[in-house]
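**Student:** Below is one structure. I have some questions about it.
The values are calculated or read from the model by the stated rules, or taken from the named source; none is laboratory data. Note that the structure is predicted; figures quoted are calculated from it, not measured. Neighbour counts are summed over all protein chains in view; Cβ atoms, including those assigned to glycine, are modelled from backbone coordinates with ideal geometry. All accessible areas refer to the heavy atoms of the entire protein, side chains included, with ligands and DNA or RNA removed. Shrake-Rupley method; radii C 1.70, N 1.55, O 1.52, S 1.80 Å.
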Amino acid sequence: MQDRFIKQISLLPADLANELVPLLNQQFSGHLDAQQVATLLQKTGLTKAELMFQLLNIAKALALAPISHFYVGAIAEGNSGDIYMGANIELPGRALCHSVHAEQHAISHAWLSGESGIRDIWINATPCGHCRQFMNELVDGGKINIHLPDTKAQTLQHYLPNGFGPKDLGILQPLMQKQQHELYCEDHNDPLIIEALDHASLSYSPYSHNHSAVVLEMADGRTYSGRYAENAAFNPSMMPMQMAIASLVRHNQSFADIKRALLVESSVGELSLIDVSSDALLSVSAVPLEHIVAEPV
Ligand SMILES: O=c1ccn([C@H]2C[C@H](O)[C@@H](CO)O2)c(=O)[nH]1
Ligand SMILES: [Zn+2]
């Protein structure tokens, strides 16, 4: 089991802890498939709600909060029934606007894993206004059930009445609906570029058209990617660098092992993420940010 879960696992009921220990192996990165969840329910006799609130203790352990020391965990259930954990991530020494909220982290985790929508989300603290707005960008966002400790589950619509969302800007294909914005670049031989182009084509940037993605490559050759996810209210948008860093943290990798970092963005966007991405990267690594501007196919 990974060291980061040792303290949290001791807070769980013994039979759940016994079932979880083998799952929290070195490969664990906050994902449990529907079958694993069903097995945990069956082996422990817990209700779904009881299990999810217990699992938030594990999700919380994925946090990186050097500024607030306040640990938030979230678990998003995708349409497939698989569950995706996330936790808040604060970038050391950087502006607070670089932070990733637990809800954004869990949702981006589900999106990167190929989910087409979120049905339910469990959070150990009430979602802030920024997260309510972020969730309102999702397919059927208003219908997502929000589960908080000691509170009746309510929809996002309840927590964000009269919400502003993509429809207000004429966007009818919201976040997590399949995007396809193929990009082209001369260099076909660099696997990092190919991976970044693939993710950029799946990015969600209906407002600026800056289809973009970041890939971080580690010393052992593993890669962690992030796609740009815009928001109708602009400021709650999630940057591709933050999404890639969140993925790296979830996989229990060390920033010191980042060997290459690449940002690919579309030439037709109204803006560039180069400076904001470099600033975020610099907080965790001295590796220079490689930058490619790609043409739409
Ligand atoms: O809805 C919320 C509210 C706060 N936080 C995080 C952000 C920051 O890291 C810390 C303090 O606000 O808690 C979340 O993750 N979700
Ligand atoms: Zn929030």
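**Student:** Return the total of residues in the range 168-186 being part of a loop (DSSP other than H, G, I, E, B) and in contact (Cβ under 8 Å) with a residue 60 or more places away in the chain. Before the answer, list the steps.
**Tutor:** Quick first cut of the range 168-186, residues part of a loop (DSSP other than H, G, I, E, B) only: 170-174, 176-182, 185-186.
Narrowing further to those that are in contact (Cβ under 8 Å) with a residue 60 or more places away in the chain: 171, 176-178, 181-182, 185.
Number of matching residues: 7.
**Student:** Within the range 187-203, identify whether any single residue is assigned to a strand (DSSP E or B) and either out of contact with any Pro (no Cβ under 6 Å at 6 or more places or on another chain) or over 26 Å from L262 (Cβ atoms) (or both), and answer yes or no.
**Tutor:** The answer is no; no qualifying residue exists.
**Student:** Among the residues of the range 175-191, is any closer than 20 Å to V276 by Cα and surrounded by 24 or more Cβ atoms within 10 Å (Cβ to Cβ)? Steps first, answer last, please.
**Tutor:** Within the range 175-191, the first condition is being closer than 20 Å to V276 by Cα, and the residues that meet it are none.
No, the range 175-191 has no match at all.
Yes or no, residue by residue, for (1) away from ligand 2 (no atom under 12 Å from the Cβ); (2) under 19 Å from S225 (Cα atoms); (3) open to solvent by 30 Å² or more (accessible area, probe 1.4 Å):
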| position | (1), (2), (3) |
| --- | --- |
| R94 | yes, no, yes |
| H98 | yes, yes, no |
| I107 | no, yes, no |
| E115 | yes, yes, no |
| I123 | no, no, no |
| I144 | yes, no, no |
| D150 | yes, no, yes |
| N162 | yes, no, yes |
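**Student:** Okay, next question. Looking at (1) in a helix (DSSP H, G or I); (2) polar (S, T, N, Q); (3) open to solvent by 10 Å² or more (accessible area, probe 1.4 Å), which is the one condition that is false for S277?
**Tutor:** (3)
**Student:** Related question: Any idea how many residues of the range 24-83 are touching a Gly at 6+ places or on another chain (Cβ under 8 Å) and at positive phi?
**Tutor:** Matching residues across the range 24-83 total 1.
**Student:** Now for a different question. Which numbered condition trips up S267, out of (1) open to solvent by 20 Å² or more (accessible area, probe 1.4 Å); (2) closer than 19 Å to E90 by Cα; (3) among the polar types (S, T, N, Q)?
**Tutor:** In the conditions (1) open to solvent by 20 Å² or more (accessible area, probe 1.4 Å); (2) closer than 19 Å to E90 by Cα; (3) among the polar types (S, T, N, Q), S267 misses (2) alone.
**Student:** Quick one: would you say G45 is more than 16 Å from ligand 2 (Cβ to nearest atom), free of Cβ contacts under 8 Å to residues at least 40 places away in the same chain and of a type in the set (G, A, S)?
**Tutor:** Considered against the rule, which asks whether it is more than 16 Å from ligand 2 (Cβ to nearest atom), free of Cβ contacts under 8 Å to residues at least 40 places away in the same chain and of a type in the set (G, A, S), G45 comes out as yes.
**Student:** While we're looking at this one, here's another question. Can you tell me which residues in the range 142-170 are aliphatic (A, V, I, L, M) and in contact with an Asp or Glu (Cβ under 9 Å, 6 or more places away or on another chain)?
**Tutor:** Result: I144, I146, A153.
**Student:** Can I ask one more? Return only the number of the condition from (1) surrounded by 20 or more Cβ atoms within 10 Å (Cβ to Cβ); (2) of a type in the set (V, I, T); (3) more than 16 Å from ligand 2 (Cβ to nearest atom) that I89 does not satisfy.
**Tutor:** (3)
**Student:** Scan the range 31-81 residue by residue and report those that are more than 14 Å from A125 (Cα to Cα), touching a Lys or Arg at 6+ places or on another chain (Cβ under 6 Å) and not hydrophobic (A, V, I, L, M, F, W, C).
**Tutor:** Of everything in the range 31-81, just one residue is more than 14 Å from A125 (Cα to Cα), touching a Lys or Arg at 6+ places or on another chain (Cβ under 6 Å) and not hydrophobic (A, V, I, L, M, F, W, C), namely E77.
**Student:** Output the number of the condition that I67 fails; it satisfies all remaining conditions of (1) away from ligand 2 (no atom under 13 Å from the Cβ); (2) β-branched (V, I, T); (3) surrounded by 19 or more Cβ atoms within 10 Å (Cβ to Cβ).
**Tutor:** All conditions are met except number (3).
**Student:** If you go through the range 95-107 one residue at a time, do you hit one that is more than 8 Å from ligand 1 (Cβ to nearest atom) and touching a strand residue (DSSP E or B) at 6+ places or on another chain (Cβ under 8 Å)?
**Tutor:** yes
**Student:** Right, something else. Working only within the range 1-23, note down all residues that are surrounded by 11 or more Cβ atoms within 10 Å (Cβ to Cβ), out of contact with any Lys or Arg (no Cβ under 9 Å at 6 or more places or on another chain) and without any contact (Cβ under 8 Å) to a residue 40 or more places away in the chain.
**Tutor:** M1, I6, A17, L20, V21, L23
**Student:** Turning to a different aspect of this structure: If you check Q104 against the conditions, is it modelled with pLDDT of 95 or more, within 12 Å of the chain's Cα centre (by Cα) and under 20 Å from N235 (Cβ atoms)?
**Tutor:** Judged against the criteria, Q104 is a match.
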